[in-house]
Each structure stands twice: as structure tokens, then as C-alpha cells.
1. Which of the residues belonging to segment 303-321 are assigned to a loop (DSSP other than H, G, I, E, B) and buried (at least 24 other Cβ atoms within 10 Å of the Cβ)?
2. Condition check: hydrophobic (A, V, I, L, M, F, W, C), outside any helix (DSSP H, G or I) and either within 14 Å of ligand 1 (Cβ to nearest atom) or modelled with pLDDT of 95 or more (or both). Does Leu232 satisfy that?
3. Going by the structure shown, is Thr311 within 30 Å of Lys367 (Cα to Cα) and away from ligand 1 (no atom under 13 Å from the Cβ)?
4. Conditions first: (1) outside any strand (DSSP E or B); (2) over 28 Å from Gly413 (Cα atoms). Phe132 passes all but one, so which condition is the exception?
5. Which of the numbered conditions does Cys350 fail, given that it passes all the others? Conditions: (1) away from ligand 1 (no atom under 16 Å from the Cβ); (2) more than 23 Å from Arg305 (Cβ to Cβ).
6. Looking only at residues that are of a type in the set (A, V, I, L, M) and part of a strand (DSSP E or B) in segment 203-218, which one is surrounded by the most Cβ atoms within 10 Å (Cβ to Cβ)?
7. Every residue in segment 293-325 that is more than 13 Å from ligand 2 (Cβ to nearest atom) and aliphatic (A, V, I, L, M), please.
8. Output the number of residues of segment 104-132 satisfying the condition of being surrounded by 16 or more Cβ atoms within 10 Å (Cβ to Cβ) and within 17 Å of Ala475 (Cβ to Cβ).
Amino acid sequence: MPDRNLFSGLRAGFPADLDATAVETCDTPAPLYYSWRDLDRASARIANLIDGLGIPASSRIAVHADKSVESLMLYLAVLRAGHVYLPLNTAYQAGELAYFIGNAEPAVVVCAKRNFPWLSKLAFAAGVRNVFTLDNDRSGTLLDRAVFMSDEHDVAERSAGDLAAILYTSGTTGRSKGAMLTHGNLSSNALTLKDYWGWQASDVLIHALPIFHVHGLFVAIHGALISGSKMLWFEKFDPRATIREMARATVMMGVPTLYVRMLAEPSLTKAAASNMRLFIAGSAPLLPETFDAWRERTGHTIVERYGMSETVMLTSNAYHAKDGERRAGTVGKPLPGVQLRIHDDKGQSCRGGEIGQIEVKGPNVFKGYWRMPEKTAEEFTTDLWFKTGDVGKVDEHGVVSIVGRSKDLIISGGYNVYPAEIEGYLNEQPGVAESAVIGLPHADFGEAVIAVVIAKPGATLDAQTLIAAMKNSIAAFKVPKRVFVEAELPRNQMGKVQKNLLRERYRGLFVA
Ligand code: MCA
Ligand code: AMP
């Protein structure tokens, strides 16, 4: 595993011609062209600004900013200055952010100008001394200040075990946990994927994912930077525009919803995709019908891979024919260096394609949850394998299939929603006695969130009022698409809510 600052590893991949275009924007009012030198110099300026703040080494820098090339530069600056990047979903609202800021205790918060009035108040109240703004039109106090800084910067020395980023992932019980990823975790995974997916400097990546999650921030961006490959940069996914850009691109990554939406466009044809060499899907199960339809329409077979915030990428279907064939409904073999085993609930090894808990080990596996040693201990076995919470099997060729989850988790359009968190919000609403939140098959999002609520005696509940109340307090993607008021929840003899019966009852709500 490379024992150095991840930024140095990424920069080592930059091409010799630093004036070549590294990033071209596709949905700004006019296209913008950023050279490799621009990425290097601007990240140096921001790193110098951060150095000048006099904050301790390895401070957390929380970023709740719209996607832009400048926010990518900020990420690179945080790495090179030796601090810890803490990206936050832009859909999060005040209550959610108050928790993350209180828990992570960042030294710096960067946010969009429109959120500064309330977010700065919240940050200052939590003891944060530095709050900057950054908008996706290249304005804000961060850049106003950075422009006066030197464009040369000595990369801070960091070793493999030092923290590079914290990504919050929700827990099945209790609050979100910050997964601590090290320079070594991220470097080793980037190098493995560069080789496994055959990245070349001549590749051009369509980047249309958000950059506050592993998929868009690490898998996609690291792959392009470490290979010296250009990115075609979308701030927001647009299926038609993405298909148009395929003529100039070679690689695309997306959650299954992106593929489903592109399939709905008549412009998606073999000719439109003829310049492409690789389509990658992950973050949620890719339905075999999407896999088949994509092959039929474009002539390309999607490479599905599997990962987590805690582990970056774990398995992938083959890119090179020598590594096997790409099969629908499977996530491929463990990546080189990753170990994966299937255990039953008693901790015994499952054999011969039996279904069990997926456990993993490798240089990519995170260091633990930020300031939660007990939670960290709970998620590892006594022999130090990480328990993914995913349920799966391995066939005789070593190919992994995910068949379910032991964690109560819904993945909607690639975003994770934890029913326990939403039930907590619902149960606080006036008149609600209890609630059950479930995921249902959804043609666009893969799974959609719905809730079943029970009124307190004498209370009358209105589904739309409950939805409106949640929209005011939590990220919109977590808000149930429908709420049903019922007389009681189905329970088993132990009193446990039988969510499987609810899923069965509402199964056809969003699919034919
Ligand atoms: C948007 N909405 C959603 C979702 N996205 N509802 C449920 N699930 C969603 N995923 C709602 C909004 O709240 C809003 O609701 C309405 O849809 C329109 O919002 P808008 O932002 O315009 O939506 P969109 O642009 O159409 O977004 C859909 C999307 C987006 C492009 C599929 O969700 C997306 O980019 N998903 C990718 C997430 C991702 O990168 N995941 C990787 C995680 P209202 O109208 O009510 O306000 S990394 C990971 O999981 C692991 C490590 C891995 O393996 O990669
Ligand atoms: P997160 O913690 O947000 O990074 O989400 C990680 C979870 O996404 C994993 O534990 C899986 O449940 C799920 N996931 C990621 N990739 C896939 C995939 N290709 N197929 C099925 N589930 C996936």
C-alpha cells in the first residue's frame, strides 16, 4: 500500500502536458476548461489559505457545497494540506447538519452562500471558527481569499494510516456514524481499480454523480485523476445530455437509476455509445432487466461492482475477459487484495454457494467509526473481518451475488435511507402512536420509501401533513413518497413488526 499522501499519488498520475484539459464542464452556462495545471495551482492556493488558518493537523473540514470543479479543487486542497475531508449531502437540512457538525467538530465549514445565514450560526454555536462560502458560479469567500495565496504548496506528509476523509453513514440504530477512511484505504483502492478497469490516459470519463459519496468522489474522480484522464463534468445528471456526450467519452459510472433514465431516451443507440469502452454501475442492485436492456440497446455489457462507504470498492465484474464473464445479478469477484467470506449467523463458514453474511478484509477497509470505539468493535468479528450487513453467496468460480441485507436499509436512487431514522421523526409528530418505514420496488429509484402510521387513540392523522412536516426537517430524498394511515401494524408472536407483510401488501404501488 502506498505510504504517502493520497494527493501525491493522484498528482503522480497527471499527464506530462499540464496544460491539457483535465475537466470540461458540460452544464455550466458556457463550457469551462480546466487544465491539470489549474487543478494543481488552485488546490495549492486553497491549501495555503487553509494552512494560514493555523488549525491543528488532521482537522476536519466539512463541505456542504453544490457540485463544481472548485469544490473538487477544495477536496484536493484538504488532502494536500493534510486535513480530513468531510463531505455532506447538499440535501441535508439544519437538524441533520447540527448533528454532523457537533459530532465531527470540524475546524472549517464551507457552504453555499444561500445557506450561510443559518449554517454559519449553527457552526459558530458548535465552536467552528472558520466558515467560508463557495457557490457553483465560482464565487464565495473561499475563492475570494484563496486568490491572494501562492500557487505553490508543499504537500503535507501523510502516511497510509492517517485519516483522509470521514463519510457519515447512517446506523440501523442510533445516529449516523463517521466512517474514517485513510490515505492508504483510498490510494490502494484507486490503484487497484486503475489496473482492474484498464484506465488509460486517453480515457474520457463522464462524471454525472454527486461528489459527497464514495461513488462520485472517490471511485470516479480518483480513477480519472490517477490515470491522467479527462473528465466531462455534469453538476446535475441529465440523461439526454449524457447520451450526447458519449460520442466524446469512453467511461461512465452511475447508480442504476441513471441507466434506467438513459434507457428511457430514444437517443440511446449503439451508434450513440460506439465511442464508449466501459459502463460501470453500483451503489444499489442493478436489475437483470436493466443489464439486458442496456446490452440490447448499446451493445455494451455493464460492469457491476459492489462497495460501501466503510470499504470503498470490494468486488467487481470483470473488465478483461481473462478475469471472467460479466453476469447479470452478480457483483463479480473480490478485487485484488480484498478478502471476502460468507459466514452464517453463528460465525461458521458457509460453503458451496450457501447464503450468509458477507464479511471482508483488506487494505481498503476503514479504520473505524469516528469517536465510536464500541460501534467499531460491534461491526468487526473477533478475527477482525468487517461485517458488511449484506447477505450473499459465492459461486464455484468465486463470483459474488448479493441477495439481501441483514441491516434494515433502503437504497433509493443510490441514496441510503435508514427506516429507524425516519420512524424516529414520524413518531415525534403529534398524534402518531407508531410507524413502520419500508422500501418498495420502484421503477426509477429501484426502491422507494413509504411509511405506515398508526394514530394515537382519539387522534386523526393526515398523510400530506405528515409528509409536509418531514420535508421541513429532513433531506427530501428520505421523505416517504407515500404515507398510509392504518389501524394497526402486523406483528409476530414476539411483538415484532412484520415488515415483510407490509412490503407484500403495498408491493405493486410503484411498479406495474
Ligand atoms: C432525488 N429525489 C429522490 C432521490 N433523488 N428521492 C428518492 N431517492 C433519490 N435518490 C427527489 C428529491 O428529493 C426531490 O423531491 C425530487 O426527487 C427531485 O430532486 P432532484 O434533485 O431534481 O432529483 P434528480 O436530479 O432527478 O436526482 C435523482 C438522481 C440522484 C440523479 C438519481 O438521486 C442521484 O444523483 N443519485 C446518486 C446517488 C449516489 O451517488 N450514490 C452513491 C452513494 P421533492 O420534489 O419531493 O423535493 S456511494 C455508495 O452507495 C457506495 C459506497 C457505492 O457502492 O457506491
Ligand atoms: P453506503 O454505506 O452508502 O456506502 O452503501 C453501501 C451499501 O450499498 C452496501 O452495503 C450494499 O448494501 C449497497 N450496494 C453497493 N453496491 C451494490 C451493488 N452493486 N449491488 C447491491 N448492493 C450494493
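The values are calculated or read from the model by the stated rules, or taken from the named source; none is laboratory data. Predicted, not measured: the structure shown is a model, and the values here were computed from it. Note that each Cβ is placed from the backbone with ideal geometry, even for glycine, and that neighbours are counted across all protein chains shown.
1. In the first step, residues of segment 303-321 are kept if they are assigned to a loop (DSSP other than H, G, I, E, B); the result is 309-311, 317-320.
Residues satisfying the conditions are Glu310, Asn317.
2. Working: hydrophobic (A, V, I, L, M, F, W, C): yes; outside any helix (DSSP H, G or I): yes; either within 14 Å of ligand 1 (Cβ to nearest atom) or modelled with pLDDT of 95 or more (or both): yes.
Against the criterion (hydrophobic (A, V, I, L, M, F, W, C), outside any helix (DSSP H, G or I) and either within 14 Å of ligand 1 (Cβ to nearest atom) or modelled with pLDDT of 95 or more (or both)), Leu232 qualifies.
3. Working: within 30 Å of Lys367 (Cα to Cα): yes; away from ligand 1 (no atom under 13 Å from the Cβ): no.
It is false that Thr311 is within 30 Å of Lys367 (Cα to Cα) and away from ligand 1 (no atom under 13 Å from the Cβ).
4. Phe132 satisfies every listed condition except (1).
5. So the condition that Cys350 fails would be (2).
6. Taking segment 203-218 first, the residues of a type in the set (A, V, I, L, M) are 204-206, 208-209, 211, 214, 217.
Subsequent filtering for residues that are part of a strand (DSSP E or B) retains 204-206.
On the way: Val204: 20, Leu205: 25, Ile206: 27.
If we take residues in segment 203-218 being of a type in the set (A, V, I, L, M) and part of a strand (DSSP E or B), then Ile206 is surrounded by the most Cβ atoms within 10 Å (Cβ to Cβ).
7. Filtering segment 293-325 for residues more than 13 Å from ligand 2 (Cβ to nearest atom) gives 293-301, 318-325.
Selection gives Ala293, Ala318, Ala321.
8. Quick first cut of segment 104-132, residues surrounded by 16 or more Cβ atoms within 10 Å (Cβ to Cβ) only: 104, 106-112, 115-116, 119-120, 122-123, 126, 128, 130-132.
Okay, now just the ones that are also within 17 Å of Ala475 (Cβ to Cβ), so 111-112, 115, 119, 122.
Selection size over segment 104-132: 5.
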